[in-house]
Amino acid sequence: MSSIVDAKGLSCPQPVILTMNEIKKTGKGEITVLVDTVTSRENVSRAAMAQGWTLKSVEEEGEVFRITITKD
């Protein structure tokens with residue numbers, strides 16, 4: 001299962017909260033989180049890994065960071 005969390009334009013802690021809500025909802029699979037600040041990128045990545053998710057990739061697309069996390 002794959003889902004997308006669009007947190008562009010939001011300041012922390014909102015991107016982290018949205019990501020944590022999606023993690024709780026899905027439980028496993030793949031989640032892509034879209035953020036537009038370095039701080040949000042770091043905080044979302046760190047929070048997801050603290051929940052046992054794997055940081056699959058972080059891609060920079062213009063001014064947007066696409067963070068992909070997975071859990072089996």
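Coordinate-derived values only; no laboratory data. All figures in this text were calculated on a predicted structure; none of them were measured in a lab. Cβ coordinates were reconstructed from backbone atoms using ideal geometry, including for glycine residues, and neighbour counts include every protein chain displayed.
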Fill in: Positive-end extreme of charge dipole, the chain - chosen from GLY62, MET20, VAL38 (charges on Cβ)
MET20
Practice prompt. Treating the angle as unsigned and between 0 and 90°, give the value, to the nearest 10°, between the Cα long axis of helix 38-50 and the longest Cα principal axis of the chain.
Written response: 10 degrees
Worksheet item: Can you give the helix-only mean residue ellipticity at 222 nm for the chain, where every DSSP H stretch with n ≥ 4 adds -39500 (n - 2.57) and the sum goes over all residues, rounded to the nearest 500 deg cm²/dmol?
Response: -11500 deg cm²/dmol
Worksheet item: Under a point-charge model restricted to the Cβ atoms of Lys and Arg (+1) and Asp and Glu (-1), what is the dipole moment magnitude of the chain relative to its Cα centre, in debye to the nearest 20?
Response: 360 debye
Worksheet entry | Kirkwood-Stokes translational diffusion coefficient of the chain, alpha-carbon pairs, 4 °C, 1.567 mPa s, µm²/s | 112 µm²/s
Discussion item. Compute the angle between helix 14-26 and the longest alpha-carbon principal axis of the chain, please, reported from 0 to 90 degrees and rounded to the nearest 10.
Written reply: 20 degrees
Fill in: Radius 15 Å from Cβ of SER40, net charge of other residues (Lys, Arg +1; Asp, Glu -1)
-4
